[in-house]
Amino acid sequence: MGKHLPILLWILSSLLLVSCRNTLLSTEEALRQADRQMEELEACLQHTPLLDSIQPITTRTEGVYFYIFNAGQMVYWSDNRLNVDSVEHPITSDWTKTAFRNAKGRSRWKRLGTWGILAAVPEEWNEVEGQTLSQSFSYRPLMEQKEVEQNRWSQARLRVRIFYIVSLLFFFGIIVFGIGWLVHKRGFKNMRMQTKFQYLFIFLSFVTLIYIFSMSVKYVRRHYSRQQQETLQNKSRYIRAALQSLYYWDYSLDLTKTDALNTDLRDIAYTYGVDIHVYSMEGQLVGSSTPQLFEQGWLSPYIAPEVFYAEHHTCTRYEQLSNLRYLASYTEFVNGSELPIGYIGVPSFLSEDEMAMEVDGFLARLLPAYLIALFLAFIFSGYASSLLIKPINHLSKNMQQYELGRKDLRIEYAYHDEVGDLVNHYNEMVAELATASRRLARSEREGAWRTMARQVAHEINNSLTPMKLTLQQLQRTRGTERFEQYFDKSTHMLIEQIDNLNHIAASFSSFAKMPEVTVSEVDVADKLVHVLTLMNNNEQHIPIRYVGPNDGIHVYADKDQIQQVFTNILRNALQALEERTDGDVIVVLKQEGDKVIISFSDNGGGIPEDVRSRIFTPNFTTKSYGTGLGLAIARNIVEGCDGSIRFETSEKGTTFFVTLNSAKESV
């Protein structure tokens with residue numbers, strides 16, 4: 001901690017310096033704005049010194065006040081918050097530090113013949129002494145409010161505040177949970193439908209309750225403020241009537257009537273419990289129930305310019321005494337002939353504390369209902385979403401488990417709504433799909449048998465035709481010298497065709513009743529070498545070279561059927577090399593990790609591109625003879641052993657790869 005203390009002090013000092021610099025810049029900016037406004041006022045006073053042109057210039061910048069004098073008398077003021085009676089007229093026209101009667105700041109004078117312009121920028125307002133306000137009805141509560149605010153957490157408000165804070169924490173927790181859930185799900189679109197429904201329902205309920213809550217609080221505050229203003233306006237009318245009866249025959253008010261007016265105002269102020277200020281038709285103070293506030297300079301002796309320069313002089317506005325805010329009502333002071341002879345100002349304290357108590361009491365009655373409503377919204381959203389999503393979940397589950405030929409996949413849903421329409425369409429689809437699957441299965445079986453029958457008939461016919469021709473030739477040569485010679489040749493050919501018929505029958509029989517693959521540990525190298533020994537004695541005399549160990553490579557396969565895989569692939573390779581004199585077949589066995597890979601490569605012409613996708617299809621062959629079942633049988637056996645078979649082909653030849661799982665005992 002000691003190491004970081006200098007750094008922390010440096011950061012705090014930097015922040016303080018920046019804060020002070022920003023405050024200074026704010027004051028300097030206000031002075032620059034005031035200089036520009038003063039230049040505009042100079043031009044205005046030299047040409048058209050009218051109120052309509054002066055007022056927009058002087059009220060443009062907040063915190064900058066302007067006062068215009070003519071022949072030493074103040075004829076215009078932009079605000080009555082600052083008391084400038086003690087400001088002396090300096091010789092220079094630069095900005096100077098000035099101590100006003102109720103504030104400290106800067107001021108600048110500008111003279112134009114008989115005209116004089118005073119610009120003031122207050123920087124610090126003086127604190128009002130509590131003793132000064134002790135005799136005031138309207139301003140005394142301002143000081144009392146400060147004491148109440150310092151002790152705000154005592155009294156009965158503590159219970160309301162605690163409940164209010166707990167409710168806010170609850171609402172804040174809901175917001176944090178909702179945002180956290182969105183982040184966890186990586187956005188609204190990744191949520192499940194039931195969660196989306198709950199989220200939207202709760203969000204809308206929450207937003208609605210917050211909106212109603214905020215509007216209710218706003219209404220209570222506005223209602224209380226309006227009620228205070230109406231009460232003050234009623235008091236102003238009663239005070240106006242009382243003063244009208246006392247000054248029924250007067251036609252003007254001036255400083256000669258101040259003493260008598262102060263006495264009358266003090267008596268009326270005790271009756272209505274408010275302070276009263278009276279201004280002349282020139283906007284200057286001529287009487288007050290609390291003259292000490294003006295004598296000590298806390299209030300300006302001029303009426304608010306918004307009232308004095310307005311067409312209608314009856315209004316209610318907020319004003320400030322130092323840093324304390326209060327409400328003031330203004331009305332015209334009329335005599336018995338209803339002629340205006342001055343203005344009446346009635347200040348009143350609009351208690352923010354009482355307003356807060358009113359709002360707190362309202363919240364104490366309203367928040368429980370809101371919390372109960374939000375809790376019920378949680379429960380209802382869960383129940384409603386579950387009720388709505390249940391058939392959809394059932395539908396999704398059934399679709400995941402759907403298999404052709406499976407029954408009892410219909411969904412029961414009793415409601416006739418959009419979900420009901422979806423369920424009905426699903427049930428109809430299941431029924432139609434079941435019917436279509438039966439038709440498809442029957443059609444596939446019939447098509448397979450027809451294809452099989454055509455293939456068998458074609459292959460048998462290929463063998464029977466030469467047999468028939470041979471027998472006919474034997475009949476013609478019987479009894480001739482050529483019979484013996486042709487007989488030996490014919491019997492050899494007939495035996496060959498009979499062997500071909502036996503092969504066709506065996507192939508179709510094997511495909512039709514493929515025995516179930518029984519996986520066990522097999523020495524695949526030994527099986528492969530045995531097949532290669534037999535296949536090397538082929539009629540084409542095509543050499544078959546082998547690269548790999550002769551034994552000791554163990555895999556999981558069917559020990560009886562794995563040799564058929566090798567035989568079928570090798571027979572297919574030899575048939576591809578029948579028309580070549582440089583035919584060559586290479587077989588490679590190698591182990592890679594937990595896999596054993598056996599490759600069979602030939603240097604034939606390759607497999608045409610348009611038939612590569614059908615190379616493992618049953619009954620498909622590119623030759624004019626054969627059944628087209630060899631590779632199909634090989635694939636079924638390999639995949640039954642949890643292995644794989646694939647091929648690579650080009651114009652330079654074809655390579656088949658058989659991949660099998662290595663046994664743990666392989667060496």
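Suppose the filter is open to solvent by less than 70 Å² (accessible area, probe 1.4 Å) and either in contact with a strand residue (DSSP E or B) (Cβ under 9 Å, 6 or more places away or on another chain) or over 28 Å from Gln55 (Cα atoms) (or both); does Thr331 pass it? Walk me through it before giving the result.
Details: open to solvent by less than 70 Å² (accessible area, probe 1.4 Å): yes; either in contact with a strand residue (DSSP E or B) (Cβ under 9 Å, 6 or more places away or on another chain) or over 28 Å from Gln55 (Cα atoms) (or both): yes.
When the stated conditions are applied, Thr331 passes them.
Do we find a residue being part of a strand (DSSP E or B), open to solvent by 40 Å² or more (accessible area, probe 1.4 Å), modelled with pLDDT of 70 or more and of a type in the set (S, T, N, Q) anywhere in the stretch 624-637?
Just the residues of the stretch 624-637 that are part of a strand (DSSP E or B), to begin with: none.
No.
Which residue pairs have Cβ atoms under 7 Å apart, sit 6 or more places apart or on different chains, and have a first residue in the stretch 29-52 that is free of Cβ contacts under 8 Å to residues at least 24 places away in the same chain and at negative phi and a second that is among the aliphatic types (A, V, I, L, M) and surrounded by 16 or more Cβ atoms within 10 Å (Cβ to Cβ)?
Close Cβ pairs satisfying both conditions: Glu40/Ile57; Cys44/Ile54; Cys44/Ile57.
Select from the stretch 253-279 the residues that are crowded, with 16+ Cβ neighbours inside 10 Å and among the aromatic types (Phe, Trp, Tyr) and list them in ascending order.
So the first thing to find is which residues in the stretch 253-279 are crowded, with 16+ Cβ neighbours inside 10 Å, and the list is 253, 257-258, 261-262, 264-266, 268-269, 272, 274-279.
Answer for the stretch 253-279, where residues must be crowded, with 16+ Cβ neighbours inside 10 Å and among the aromatic types (Phe, Trp, Tyr): Tyr272, Tyr279.
How do the pairs read when you match residues in the stretch 198-217 that are in contact (Cβ under 8 Å) with a residue 24 or more places away in the chain and part of a helix (DSSP H, G or I) with residues anywhere that are open to solvent by less than 50 Å² (accessible area, probe 1.4 Å) and of a type in the set (S, T, N, Q), using Cβ under 9 Å and keeping only pairs 6 or more apart or on different chains?
That search, which allows pairs on different chains as well, returns Gln198/Ser381; Gln198/Ser385; Phe201/Ser381; Phe201/Ser385; Ile202/Ser381; Ser205/Ser381.
Cβ-Cβ below 6 Å, separation at least six or inter-chain, first residue in the stretch 563-580 and within 11 Å of Phe656 (Cβ to Cβ), second part of a helix (DSSP H, G or I) and not hydrophobic (A, V, I, L, M, F, W, C): which pairs?
Asn568/Gly630; Asn572/Gly630
Report the residue count in the stretch 190-235 for those that are farther than 30 Å from Ser348 by Cα and not aliphatic (A, V, I, L, M).
Of the residues in that region, 14 qualify.
Is it true that Tyr248 is touching a residue at least 60 places away in the same chain (Cβ under 8 Å), hydroxyl-bearing (Ser, Thr, Tyr) and loosely packed, with under 15 Cβ neighbours inside 10 Å?
Judged against the criteria, Tyr248 is a match.
Do we find that Leu204 is open to solvent by 90 Å² or more (accessible area, probe 1.4 Å) and more than 30 Å from Tyr272 (Cβ to Cβ) in this structure? Step through it out loud before you land on a result.
Values: open to solvent by 90 Å² or more (accessible area, probe 1.4 Å): yes; more than 30 Å from Tyr272 (Cβ to Cβ): yes.
When the stated conditions are applied, Leu204 passes them.
From the list Glu484, Glu496, which residue is under 29 Å from Asp584 (Cα atoms), open to solvent by 40 Å² or more (accessible area, probe 1.4 Å), modelled with pLDDT under 75 and in a helix (DSSP H, G or I)? It would help to see each step written out before you state the result.
Working: Glu484 fails: under 29 Å from Asp584 (Cα atoms).
Unique residue meeting the criteria: Glu496.
State all residues of the stretch 280-293 that are open to solvent by 20 Å² or more (accessible area, probe 1.4 Å) and touching a His at 6+ places or on another chain (Cβ under 9 Å); if no residue qualifies, say none.
Passing the criteria: only Leu285.
Restricting to the stretch 295-354, count the residues that are more than 28 Å from Ser245 (Cα to Cα), under 54 Å from the mean Cα position of the chain (by Cα) and of a type in the set (A, V, I, L, M, F, W, C).
Number of matching residues: 3.
Pairs please, first residue from the stretch 255-268 and free of Cβ contacts under 8 Å to residues at least 24 places away in the same chain, second anywhere and surrounded by fewer than 17 Cβ atoms within 10 Å (Cβ to Cβ), Cβ atoms under 6 Å, 6+ apart in sequence or on different chains.
Within 6 Å, the pairs are Asp264/Leu246.
The values are calculated or read from the model by the stated rules, or taken from the named source; none is laboratory data. Quick caveat: nothing in here was measured; it's all calculated off a predicted structure. Quick reminder, even Gly has a Cβ in these numbers, built from the backbone with ideal geometry, and neighbours come from all protein chains shown. Each accessible area value is taken on the protein alone, full model and side chains, heavy atoms only, with ligands, DNA and RNA left out. Shrake-Rupley method; radii C 1.70, N 1.55, O 1.52, S 1.80 Å.
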